[in-house]
Amino acid sequence: MTTDPAAAAVAELFRRESGRITAWLLRRYGAGRYAMVEDAVQDALVAALRAWRIGGVPVEASAWLHASARNAMVDRLRRAARIERHASALRLGEVVAVVPDDTVPGQAEPLADDLLMLLFVCAHPALEASTRITLMARSVCGFTVAEIASAFHDKPAAVAQRLVRAKAKLTAIDARFEWPEGVALSERRDSVLAAIHLMFTTGHRPIGGDQLVDATLCAEALRLAELVAADARTRSPEAHALAALIALHHARHSARLTRDGMAVSLADQDRMLWDRSVLARGFLHLERAIGGERLSRWHLEAEIAALHAAAPSIEATDWHAIVRAYDDLLALTKSPAVRLNRAIALAWRAGARAGLAELKGLAADWRSGDRGPLDAAFAELHEQLGEREAAEAFWARALEAATNAAERRYLARRLAAARSVAVATGST
Amino acid sequence: MARYILFLHERPEAFARFSPAEMARIIGEYRAWAQSLRTRNALAGGEKLADDPGRVMRAKGSDVVVADGPYAESRELVGGYFIVIADSYDAAAALARDCPHLRYGGAIELRAIHELA
C-alpha cells in the first residue's frame, strides 16, 4: 500500500465510492449491464486521476465521481448502441427512455438502499457461493482483483475469471433488481449473511494477509451486516446476531496485532485498546438479535464474543458461560474447530489438565488435514503446566505444518521462547 | 526569471490499467511534485484541460470556419498544463524532469512564455 496519507485517503475514497457508484448505476441500468457499469466506474476513476493530479481533490469528490461515472456510462451505452445499430434493431431508444435524469447524490446521502439491493443481487441463486462473495467484495466493497486474490489465497487470474463468468451469467439471465419475497427473501438473506460472514472470517484471521486489507474487510463486513439489519425489508434476528458477532470481534482489532504484525493472544491483549464504541454497537445488536425463532450459530458466537468483551481480564472471564455456549454451538455445528475452542475454554474454567484431556479425545477424531491449530493448543496447555519438553515438541510440530509466513514467524517465536525457558531453568 | 509552460501530452487510456490504489498513489506523486515546486516559489499554476477535441477556427473568405481541433482523430492529447518559474530553459527542464508525468508514458512539451517586460 502507500505511505502518503493524502494518497491513502484518496485510495480509501476510491474504494468506497466505487462500491456506491456501482450500486447506483446498476440500479438504474440493470444488473445485466454489470460489465459496462464496472467499466464506467473505472472510467470515472481514470478521469479523477487525470483531473485531480493537477487541480487537487475537489470538495465534492463523491458527487464529482458519481457525475463522471454517469457520463461515462451514457457514453458507453451510446457507443454500444451505435455498434448494435448495424446488427439489429436499435435499443438506444429504450435505454435512454429508462434513464431518469436524477440528481447526483452527495456525500451526505448514504445510498444505503442501492448498496443493499446490490448486495442481494450478488447473492443471486444463479451464482455459486464462492462467486457471490467475490462479486460482493468487488462491487459492493470496491476491492481490487489483486486484493481479493490475496485475501482469499487465490490466484488473481482465477478471481478475474470468476468475476467475468458472474457478469456473463447476470447478463444472460438479465438479472434485475427485484426484491425477492417470502421464502425466497429469507433464503436470499441467508446467503447474503453467509457471504458477509465469510468476508469477516477472512479478514479476521489471526495472522497473515495484508493487515490493512484485512481490517478493511472486517469493517466492510460490519457495515454490510448493519445495512441488512437496519432495513425494514431485510432485518432479522440473524442479521443482528451477525452484526453483533462482527462488531464484538472487530472492536478488538487494534489489540490483536503488534506494530510489526505479530499476533497477540487474547490473554495478552491490552483491553484498553478495544474500541468501546464498536463494542457498544455489538451489544446493541446482540440485544436486538434476541427474539428470533431459531438460535443461529451467529447468536452463539456473538454471545461468546460478548462474554469476552464484557470481561475485565482473561482470569475474570465467565468461562462457565463460555463453555456452555460452546456446548450449544457444538451441538449445532458438530465442528472440530468449535470443539477445539471449547477445549481451550474448558482449560481456563477447569485447568489446563482438563483441557488437555479434552484435546486428546479430539485428536483421536481429528479428520481435517491441518493439525496445526490442534498442535498449537496442545503446546499452549503443556506450557501452562510447565511441561516444557512436550510444549516444545508441539510448537515444533505446529511450526512444521504452518505454511503462512506470518504464522511461521509467530510459531517460531513461541518455539524459541519455550526452548530458552527450558535452557534457563536447566530443564532437559 | 521567466515563466515556462509544460504541456502534458498523454494517451488517456494509458491510465486505465491501474488499480484504484495505484491511481491514488499517482495523484499523490503529482501533488507532491507540485508542492515541492510551490515551496520554492517555482509554480505559477496548472489546470486540467477538457478531453474534447477542442476547436480550430479559420477564416475562409469572409466566413469563419469552426472545425474540430487536432485531437479529434488522435489518441494522444494535451491533458493539462503546468506553468513553472525558472531563469533558463535548462532550469525549467530540470524542474520538469522530476514530474511524474514522464514516468507514466506521457511526454512534456516545454515552451518559454515570451515575457514582454
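General observations
- Condition met for residue B:109 (farther than 30 Å from residue A:148 by Cβ and either among the basic types (Lys, Arg) or in contact (Cβ under 8 Å) with a residue 60 or more places away in the chain (or both)): yes
- Taken residue by residue, the stretch A:105-118 has at least one member that is surrounded by 14 or more Cβ atoms within 10 Å (Cβ to Cβ), among the aliphatic types (A, V, I, L, M), at pLDDT below 90 and not in a helix (DSSP H, G or I).
- Residues that are aliphatic (A, V, I, L, M), at the interface with chain B (Cβ under 9 Å from one of its Cβ atoms) and either crowded, with 21+ Cβ neighbours inside 10 Å or not in a loop (DSSP other than H, G, I, E, B) (or both) within the stretch A:38-66 comprise A:45, A:46, A:47, A:48, A:49, A:51, A:54, listed in sequence order.
- Residue among A:150, A:130, A:139 that is among the hydroxyl-bearing types (Ser, Thr, Tyr), in a helix (DSSP H, G or I) and under 19 Å from residue A:114 (Cβ atoms): A:139
- Filtering the stretch B:17-31 to residues that are more than 7 Å from chain A (Cβ to nearest Cβ) and under 15 Å from residue B:82 (Cβ atoms) leaves only B:29.
- When the stretch B:2-16 is limited to residues that are within 9 Å of another protein chain (Cβ to nearest Cβ) and part of a strand (DSSP E or B), the one that is farthest from residue A:43 (Cα to Cα) turns out to be B:8.
- Among the residues of the stretch A:16-35, the ones that are buried (at least 21 other Cβ atoms within 10 Å of the Cβ) and either among the aliphatic types (A, V, I, L, M) or within 25 Å of the chain's Cα centre (by Cα) (or both) come to 12 in all.
- Test: residue in the stretch B:84-94 that is loosely packed, with under 15 Cβ neighbours inside 10 Å, of a type in the set (A, V, I, L, M, F, W, C) and either in contact (Cβ under 8 Å) with a residue 60 or more places away in the chain or within 14 Å of chain A (Cβ to nearest Cβ) (or both): no
- Index of the failed condition, residue B:20 passing every other in (1) in contact with a helix residue (DSSP H, G or I) (Cβ under 7 Å, 6 or more places away or on another chain); (2) within 30 Å of residue B:91 (Cα to Cα): (2)
- Scanning the stretch A:258-289 for residues that are exposed (fewer than 14 other Cβ atoms within 10 Å of the Cβ), assigned to a loop (DSSP other than H, G, I, E, B) and hydrophobic (A, V, I, L, M, F, W, C) returns a single hit, A:262.
- Some residue of the stretch B:30-46 being within 17 Å of residue B:105 (Cβ to Cβ), surrounded by 15 or more Cβ atoms within 10 Å (Cβ to Cβ), touching a residue at least 12 places away in the same chain (Cβ under 8 Å) and within 17 Å of the chain's Cα centre (by Cα): yes
- Wholly within the stretch B:18-117, strands (runs of 3 or more DSSP E) carrying at least 1 residues that are closer than 28 Å to residue A:7 by Cβ and either in contact with a strand residue (DSSP E or B) (Cβ under 9 Å, 6 or more places away or on another chain) or acidic (Asp, Glu) (or both): B:43-48, B:77-86, B:107-112
- Screening residue A:387 with (1) under 33 Å from the mean Cα position of the chain (by Cα); (2) among the acidic types (Asp, Glu); (3) surrounded by 14 or more Cβ atoms within 10 Å (Cβ to Cβ) gives one miss only, at (1).
- Just so you know, in the stretch A:153-166 the residues that are part of a helix (DSSP H, G or I) and either modelled with pLDDT under 85 or β-branched (Val, Ile, Thr) (or both) include one that is surrounded by the fewest Cβ atoms within 10 Å (Cβ to Cβ), and it is A:164.
- Within the stretch B:32-63, the set of residues being of a type in the set (D, E, K, R) and more than 13 Å from chain A (Cβ to nearest Cβ) comprises B:40, B:55, B:58, B:60, B:63.
The values are calculated or read from the model by the stated rules, or taken from the named source; none is laboratory data. The structure displayed is predicted, hence computed values, not measured ones. Using ideal geometry, Cβ is built from the backbone for each residue, glycine included, and neighbour counts are taken over all protein chains shown.
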